[in-house]
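Just so it is clear, none of the values below were taken in a lab; they were calculated from the coordinates. Model, not experiment: these values are computed from the prediction. Quick reminder, even Gly has a Cβ in these numbers, built from the backbone with ideal geometry, and neighbours come from all protein chains shown.
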Amino acid sequence: MATLWQHCHVASMVGGSYSIIENAAIITRAGLIEWIGPRAELAPQAGLETVDLAGAWVTPGLIDCHTHAVFGGNRSGEFEQRLQGVSYAEIAAQGGGIASTVRATRAASEEQLLASARQRLEALMRDGVTTVEIKSGYGLDLVNERKMLRVARRLGDALPLTVRSTCLAAHALPPEYAGRADDYIQHICDELLPALAGEGLVDAVDAFCEHLAFSPAQVERVFIKARELGLPVKLHAEQLSSLHGSSLAARYQALSADHLEFMTEDDAIAMAAAGTVAVLLPGAFYFLRETQLPPMDALRRHGVKTALASDLNPGTSPGLSLRLMLNMGCTLFRMTPEEALAGVTTHAATALGLGSTHGTLEAGKVADFVAWQIERPADLAYWLGGDLPKRVVRGGVQSTF
Ligand SMILES: [Zn+2]
């Protein structure tokens with residue numbers, strides 16, 4: 001079944017710029033874009049279902065390439081306590097912080113995690129998201145990391161959404177390994193990762209490289225194992241300090257290095273050479289009231305592909321709107337609306353290893369797109385959230401989101 005979508009303008013995002021096609025038409029067939037271009041250049045077509053998009057601007061479906069959308073509990077109580085003057089140390093002493101999310105996630109059933117994550121993903125989807133990455137990392141043992149990754153897979157089956165799952169077992173030290181970080185890394189490499197990879201639950205491997213998490217040497221052991229298993233890697237790096245995790249990620253041809261507020265120019269050079277995408281997370285920057293800005297000028301100067309994501313997580317970025325992140329990328333990080341849109345389409349696709357199939361509107365790619373009733377593409381980064389009128393098409397089929 002083929003469909004002709006017409007009476008629209010397209011921001012195809014090819015090459016990381018708007019790459020506008022005015023007065024465009026799109027033909028979709030069997031889930032893919034068969035033809036896209038100026039309507040006037042389209043030869044007469046017979047037997048197509050035709051959809052009038054009423055002058056909409058069509059963009060690729062949005063891609064949220066960094067989330068921790070599966071977790072138990074939430075931390076709004078801690079948020080309130082902090083604003084009532086309780087210190088982080090006191091909250092941590094009460095068992096708060098990431099430890100509380102780990103406890104709640106371990107205690108939750110697969111069905112409970114599925115139901116709560118589904119609500120969060122539906123919020124993202126109402127914003128035009130058609131592809132999302134979900135990390136594990138609150139289970140921190142084989143049984144519970146498996147549970148989280150199974151939920152990620154089931155969400156991809158249950159929703160009109162492409163889900164990529166990332167194993168982030170090296171997110172934090174589980175309480176049973178207190179003071180034995182090297183032993184936990186050994187457990188990840190010897191048992192946890194091979195088992196979960198063998199079960200087909202892992203699309204990529206991530207780690208948290210920071211003084212309060214894991215050292216570059218420990219991260220590298222995880223990367224070596226991932227390489228042995230044939231899995232691509234990603235890294236949380238340079239969020240709170242500079243350990244050159246992003247350069248380490250580049251040495252392992254990582255799909256992405258994420259956060260990056262404290263990265264250096266040399267890190268940017270290494271990432272550009274490796275094709276490692278910089279994923280910026282303005283929601284966490286905002287929520288933590290950080291002041292160190294990621295080096296946008298260095299990223300631009302060296303041609304590092306730069307993505308934006310929600311970092312949806314209960315501790316540092318309870319972000320349910322990717323479009324709000326577009327605005328924050330512009331207001332906080334001084335990205336242009338065009339860079340921001342590229343950051344949630346073509347560069348986000350590359351950060352997930354989906355660059356050849358997703359993220360731009362071109363013949364042969366998956367027909368995931370959003371037809372927005374807006375004045376111009378910059379509207380997507382301009383409005384602070386809200387529900388912009390649109391229709392979302394996934395695999396050539398209009399979605400109810
Ligand atoms: Zn994260």
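Summing +1 for each Lys or Arg and -1 for each Asp or Glu among the other residues whose beta-carbon sits under 10 angstrom from that of VAL277 gives +1. The Rg/Rh ratio for the stretch 1-109, using Cα coordinates for both the radius of gyration and the Kirkwood hydrodynamic radius, is 1.34.
Counting Lys and Arg as +1 and Asp and Glu as -1 over every other residue whose Cβ lies under 11 Å from the Cβ of ASP183, the net charge comes to -2.
List the longest stretch of the chain that has no exposed loop site; here a site is one of the trypsin sites (Lys or Arg not before Pro) assigned by DSSP to anything other than H, G, I, E or B, with at most 13 other Cβ within 10 Å.
The answer is 1-179.
Which one, HIS211, HIS171, HIS259, has the greatest fluctuation when you compute a Gaussian network model over the chain with C-alpha springs under 10 angstrom? Among HIS211, HIS171, HIS259, the largest mean-square fluctuation in the Gaussian network model of the chain belongs to HIS211. Just check the stretch 1-56 against the gyration tensor rule for me: Cα atoms, a ≥ b ≥ c as the square roots of the eigenvalues, rounded for a/c under 1.5, and otherwise prolate or oblate depending on whether a/b exceeds b/c. It is prolate, given that a/c is not under 1.5 and a/b is the larger ratio.
From least to most packed, judged by other beta carbons within 10 angstrom and beginning with the fewest, VAL366, VAL86, VAL14 follow the order VAL86, VAL14, VAL366.
If a/c stays under 1.5 just call it rounded; otherwise compare a/b with b/c (prolate if a/b is bigger, oblate if not). Do that for the stretch 91-159, with a ≥ b ≥ c from the square roots of the Cα gyration tensor eigenvalues.
Judged from the Cα gyration tensor, the stretch 91-159 comes out prolate (a/c at least 1.5, a/b above b/c).
Each semi-axis of the equivalent ellipsoid for the stretch 242-330 is √(5λ) with λ an eigenvalue of the Cα gyration tensor; in descending order they amount to 22, 12, 12 Å. Each of VAL304, VAL233, VAL163 was scored by other Cβ atoms within 10 Å of its Cβ. Listed from fewest to most, they are VAL163, VAL233, VAL304. DSSP finds beta bridges in the chain, and of those with both partners inside it, around 45 percent are antiparallel. Here, the stretch 360-401 has an Rg and a Dmax of 11.7, 33 Å when only alpha carbons are counted.
Fewest to most neighbouring Cβ within 10 Å: what's the order for ILE20, ILE374? Let's see the in-between values first.
Working: ILE20 14, ILE374 19.
Least to most surrounded, the residues fall as ILE20, ILE374.
Please compute the alpha carbon radius of gyration of the stretch 150-201, then divide it by the globular-protein estimate 2.2 N^0.38 Å. Two decimals is fine. Present the calculation step by step, with values, prior to reporting the outcome.
Working: Rg = 13.8 Å, N = 52, 2.2 N^0.38 = 9.9 Å.
The value comes to 1.40.
Taking all Cα-Cα distances within the chain, those exceeding 34 Å account for 27%. When all alpha carbon pairs of the stretch 71-204 are counted in 10 Å bins from zero, the resulting P(r) reads 12, 37, 33, 16, 1 %. Excluding same-chain neighbours fewer than eight residues apart, the lysines reachable from LYS147 by a Cα-Cα span under 27 Å are LYS135, LYS225, LYS234.
Fraction of C-alpha pairs exceeding 16 angstrom in the stretch 306-401: 61 percent, rounded to a whole number.
Using Cα-Cα distances under 8 Å and only pairs 6 or more residues apart, what relative contact order does the chain have, in percent? Walk me through the numbers before you get to the answer.
Working: 928 pairs, mean separation 79.1, N = 401.
Result for the chain is 20 percent.
Comparing THR166, THR130, THR331 in a Gaussian network model of the chain (Cα springs below 10 Å), the most mobile by mean-square fluctuation is THR331. Could you work out which residue, out of LEU288, LEU280, LEU192, moves most in a Gaussian network model of the chain, that is, has the largest mean-square fluctuation with Cα springs under 10 Å? In this elastic network of the chain, the residue with the biggest mean-square fluctuation among LEU288, LEU280, LEU192 is LEU288. Other residues within the sphere of radius under 9 Å centred on the Cβ of HIS7, judged by their own Cβ, net out at 0 (K and R +1, D and E -1). For the stretch 310-364, the pair-distance distribution built from all alpha carbon pairs, in bins 10 Å wide starting at 0, is 25, 43, 28, 4, 0 percent.
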